[in-house]
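The values are calculated or read from the model by the stated rules, or taken from the named source; none is laboratory data. Everything numeric in this text was worked out from a predicted model, so none of it was measured. Every residue, glycine among them, receives a Cβ derived from its backbone with ideal geometry; neighbour counts consider all protein chains shown.
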Amino acid sequence: MAAESFAPLAPPLAEVPLPAPDVASLLRRNVAENGDRPALRFGVRIWTHGELVAEAERFAALFRARLDPGRPPHVGVLLDNTPDYVFALCGAALSGSVVAGLNYTRHGEHLARDIVHTDLQLVLTEPRHAAQLASALEGLELPGGVLVSSRFADRDDPPPRGDSLDEALDDVGDLPATHSTDSTDATDVDALWVLLFTSGTSAAPKAVRCTQRRLLTTGNRMAMMLELAPDDVGYAAMPLFHTNSLMAGLAPALVAGASLSLARRFSASGFLPDVRRYGVTWFNYTGKLLTYLLATPPREDDADNSLRIAFGNEGSPQVVEEAATRFGVRIVDVFGSTEGAIALDRTGNRPSGSIGRLRQGIMVVDEAGNEAPRAQFDADGRLTNAVDSVGELVNTLGVGPFEGYYRNEAAMRQTTRKGWYWSGDLGYVDDDGWVYFAGRTADWLRVDGENFTAAPIEAIIGRHPDVLLASVYGVPAPDSGDQVMAALVLRDGAAFDGKAFAEWLDGQPDLGPKWRPTFVRISDALPSTPTNKILTRTLVHEKFRHDRVAGDAMYRRVRSMPEFGPFTETDESALHAEFESHGRARAWDL
């Protein structure tokens, strides 16, 4: 199968036709037209569109009963991908409530911050997250309380404690599904429906506002692009608190009257068995999911499956092509973000490493908004004018479908200055208009007076045959500036050879001398978000300190040395003394 890489155009939401007047109308239409067809699958259980709406009505009644009308009608959901998540989303649409998807990898004060920031009244959770939530809620007040669902708990989950979601739903009554076909609930398509947190890989996550209009229009575009029909079956293994599963999984499934199958969490080994069990025809992905799939042992029957198409982002061209061929699926890989305001043209003969071609209104600019000069390369393909050519990707035509951040005026001003959308993504552009990703605005490194970004180095190291995942970031040098550090996950059976790796790096023509890592960390897994995006800020904090890297092996290469040697605790103590002698103890402690 061939892979495709392009992004759908994203005009202002008001210019896009709606598939239904609002989400409640869409759900009623699905009951009328496809009421007995499957709408949701989880394990061995199937809910029809009629049964889905009946559950949504129960959740809507619960929200009306529990939420104080004098406060924002916001409900937090701290769940894996279980049917309760979908019921809550649909129930919120019917009741005019708002769902804030809480990230289950956040704990303590960070989770508490998300709860307070989004003005939650009520939180729905399950036994595996109940203790985590209780710890975050110490000293906080939730008018609607916490409700714990145990009906989809696994056998190894802790016993349920606290108020039961199941009992609370029963207490408000079980409305018949037919109620949904003649409901007179007043819903507003421009009302806030979902708060989606950004990934927060380099800074604290921001809550992105999503109205019913945003979900309906995006779902409509996705359903058309993926050519979905009621017989199609989606597969959502990315978490529903992230834009990817919501807008490329649930939203198009509802618009098309199709069905969505849920995986609690992504499992590379469980992917194909799930696909075959559910009869999956499309799936959504982000981050390194395709890389993890390709790391599983290949089988002759990998392409013997029901898959037709996949949609996602952040797949390298080589990985996308290999996955499309191995699993016999058409893959649409795009460049985008939770905010959704940047789209690049990824059709045509895209050069290796490019994320797409500039479209009208999309530019790479400096901090003042001036268009950056085009990138220049030497005979070996090395970028020679990074300081001038690397800038921020912006949409000068406006913010597209982006509807703003919730309660974050500072971020709004930063993101929408000059009336443009500023993505926070760095890039550079060649003479033909092809864009190359250079990291985030926080990803600049300065080594011996030379400024550059991490993403090109990651792409080069990722070519090594033994490297499964690579993350490159700056760590402080003892005197001034940065040193390059690379955290690697190796393929099964591979062992790190410091001499061979140094020789391989030295042989890469497009890897400049100052780009070569000083430190290498070998890990079984890198800290990442639930959507498989590497948490660079965590790696930056852990640096080369043995008390922070959880036993991972570390290696250092002094420039005069031909190889990477083990970086021991004795070496660390000597390096610490260097930091102190240069007055940089603060950089060590950060």
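Overview of results
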item: All strands (runs of 3 or more DSSP E) inside the stretch 474-590 with 1 or more residues being under 33 Å from the mean Cα position of the chain (by Cα), surrounded by 13 or more Cβ atoms within 10 Å (Cβ to Cβ) and of a type in the set (Asp, Glu); result: 482-490
item: Hits in the stretch 241-266 (condition: β-branched (Val, Ile, Thr) and farther than 22 Å from residue 206 by Cβ); result: 255
item: Meets criteria (in contact with a strand residue (DSSP E or B) (Cβ under 7 Å, 6 or more places away or on another chain), more than 27 Å from residue 527 (Cβ to Cβ) and surrounded by fewer than 19 Cβ atoms within 10 Å (Cβ to Cβ)) for residue 396; result: yes
item: Within the stretch 418-457, tally of residues that are at pLDDT 80 or above, surrounded by fewer than 21 Cβ atoms within 10 Å (Cβ to Cβ) and of a type in the set (D, E, K, R); result: 4
item: Top-ranked residue in the stretch 21-45 [being within 27 Å of the chain's Cα centre (by Cα) and assigned to a strand (DSSP E or B); ranked as surrounded by the fewest Cβ atoms within 10 Å (Cβ to Cβ)]; result: 42
item: Set 400, 427, 439: member being assigned to a loop (DSSP other than H, G, I, E, B) and among the small types (Gly, Ala, Ser); result: 400
item: Yes/no for residue 407 being surrounded by fewer than 21 Cβ atoms within 10 Å (Cβ to Cβ) and either among the β-branched types (Val, Ile, Thr) or not in a loop (DSSP other than H, G, I, E, B) (or both); result: no
item: Residue list for the stretch 257-286, filter: more than 20 Å from residue 326 (Cβ to Cβ) and out of contact with any strand residue (DSSP E or B) (no Cβ under 9 Å at 6 or more places or on another chain); result: 265
item: Every pair of residues 6+ apart whose Cβ atoms lie under 6 Å, when the first sits in the stretch 147-170 and is within 14 Å of residue 59 (Cβ to Cβ) and modelled with pLDDT of 95 or more while the second is loosely packed, with under 13 Cβ neighbours inside 10 Å and of a type outside the set (Lys, Arg); result: 147/163
item: Top-ranked residue in the stretch 354-393 [being over 27 Å from the mean Cα position of the chain (by Cα) and basic (Lys, Arg); ranked as surrounded by the most Cβ atoms within 10 Å (Cβ to Cβ)]; result: 382
item: Residues within the stretch 476-495 that are modelled with pLDDT of 90 or more, touching a strand residue (DSSP E or B) at 6+ places or on another chain (Cβ under 7 Å) and of a type outside the set (Lys, Arg), tallied; result: 8
item: Selection status of residue 511, under 21 Å from residue 295 (Cβ atoms) and in the same structural domain as residue 537 (by TED's automatic domain parsing); result: no
item: Search result, residues across the stretch 312-331 that are over 16 Å from the mean Cα position of the chain (by Cα) and either of a type in the set (A, V, I, L, M) or crowded, with 20+ Cβ neighbours inside 10 Å (or both); result: 319, 320, 323, 324, 327, 329, 331
item: Matching residues in the stretch 387-417 - criterion: being in contact with a Phe, Trp or Tyr (Cβ under 7 Å, 6 or more places away or on another chain) and at pLDDT 90 or above; result: 389, 392, 394, 395, 396
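Residue-wise test of (1) in contact with a Lys or Arg (Cβ under 6 Å, 6 or more places away or on another chain); (2) of a type in the set (Lys, Arg).
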residue: 543; (1), (2): no, yes
residue: 552; (1), (2): yes, no
residue: 556; (1), (2): no, yes
residue: 562; (1), (2): no, no
residue: 565; (1), (2): no, no
residue: 570; (1), (2): no, no
